[in-house]
Structure formats: structure tokens, C-alpha cells
1. Given (1) at pLDDT 95 or above; (2) open to solvent by 70 Å² or more (accessible area, probe 1.4 Å), where does residue 61 come up short, assuming only one miss?
2. Report yes if residue 72 is outside any helix (DSSP H, G or I), at pLDDT 90 or above and open to solvent by 30 Å² or more (accessible area, probe 1.4 Å), otherwise no.
3. Give me the pairs: first residue in the range 68-85 and among the polar types (S, T, N, Q), second residue outside any loop (DSSP other than H, G, I, E, B), beta-carbon distance under 8 Å, and six or more apart or on different chains, which are they?
4. Of the numbered conditions (1) assigned to a helix (DSSP H, G or I); (2) open to solvent by 40 Å² or more (accessible area, probe 1.4 Å); (3) under 30 Å from residue 92 (Cβ atoms), residue 12 fails exactly one; give the number of that condition.
5. For the range 15-27, give me the residue count where each residue is open to solvent by 40 Å² or more (accessible area, probe 1.4 Å) and closer than 14 Å to residue 64 by Cα.
6. Is at least one residue of the range 38-52 closer than 27 Å to residue 94 by Cα, more than 16 Å from the chain's Cα centre (by Cα) and surrounded by 11 or more Cβ atoms within 10 Å (Cβ to Cβ)?
7. From the residues in the range 80-97 that are farther than 14 Å from residue 61 by Cα and either aliphatic (A, V, I, L, M) or in a helix (DSSP H, G or I) (or both), which one is least open to solvent (accessible area, probe 1.4 Å)?
Amino acid sequence: MPTDSGSDQIFELQEQVRQLKEAVVSHAVVDQAIGMIVALGRVTPDQGWIVLKEVSQHTNIKLRNVAETILIWGRAGVMPPEIRAALEDCLDRHGPPQIPGTPPER
């Protein structure tokens, strides 16, 4: 039975559109999480990206899921302990030695 190549093309294009929409949403979630890391961790956007990637790698949780968890944490104040520990560890390594504008500890 022959297939309708026009229908196949439409199906493929619809699938591509779905994947592109998903990528745009995922990108927005990741960018927002990086923004939170930048603001709260007082790091640069590049360092925020590195922190997010490292937390994902160290916890073996997909990057988008880590980003979503960080956004939920920003709204609800709740974060799984393994992600919190990895995030704190990464920020300790990549963040500033002290909060800007405060005198150094003696």
C-alpha cells in the first residue's frame, strides 16, 4: 500500500515544530535558572552556566530538571538535599570569596 509522501512531510514538519517549541521552553527555563544563580551566587552569567552544568553532572540529573528545581526553589524555598549540596559546593568553587561591599573577615 503506497504512502502519501505529502502526509509524511506534514507529519515530519509537525514533529520538528514540536521539538523546536520544546527547545525554546527548555532554553527559557535554563536561562532563568542561570539568572537566579547569578543573582544569588554573585557570579557572572558564564560562571552561572558552569555551575548549572556541574550540578547536573554531579547529581546525574538532566540539566533542564536541575534548572526547573532551581526555579521551584526560588518560588517555594524547597530544594532536594542532593541538588542543594551540589549547588552550594559549585558556588563555593566559582563564587566570589566574599560578598561585594563587605569588609574582609579577619
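1. Here residue 61 clears every test but (2).
2. Values: outside any helix (DSSP H, G or I): no; at pLDDT 90 or above: yes; open to solvent by 30 Å² or more (accessible area, probe 1.4 Å): yes.
Against the criterion (outside any helix (DSSP H, G or I), at pLDDT 90 or above and open to solvent by 30 Å² or more (accessible area, probe 1.4 Å)), residue 72 does not qualify.
3. As it stands, the answer is 69/83, since those pairs meet every condition given.
4. (3)
5. Of the residues in the range 15-27, the ones open to solvent by 40 Å² or more (accessible area, probe 1.4 Å) are 15-25, 27.
Those still in the list that are closer than 14 Å to residue 64 by Cα too: 22-25, 27.
The qualifying residues number 5.
6. Yes, the range 38-52 contains a residue that is closer than 27 Å to residue 94 by Cα, more than 16 Å from the chain's Cα centre (by Cα) and surrounded by 11 or more Cβ atoms within 10 Å (Cβ to Cβ).
7. Within the range 80-97, the first condition is being farther than 14 Å from residue 61 by Cα, and the residues that meet it are 88-97.
Retained after the next criterion (residues that are either aliphatic (A, V, I, L, M) or in a helix (DSSP H, G or I) (or both)): 88-94.
On the way: 88: 97, 89: 72, 90: 0, 91: 42, 92: 125, 93: 119, 94: 47 Å².
This residue is 90.
The values are calculated or read from the model by the stated rules, or taken from the named source; none is laboratory data. Because the structure is predicted, anything quoted here is derived from the model rather than measured. Please note: Cβ atoms are built from the backbone with ideal geometry, for glycine as well, and neighbour counts cover all protein chains shown. Accessible surface areas use protein heavy atoms only, side chains included; no ligands, DNA or RNA. Shrake-Rupley method; radii C 1.70, N 1.55, O 1.52, S 1.80 Å.
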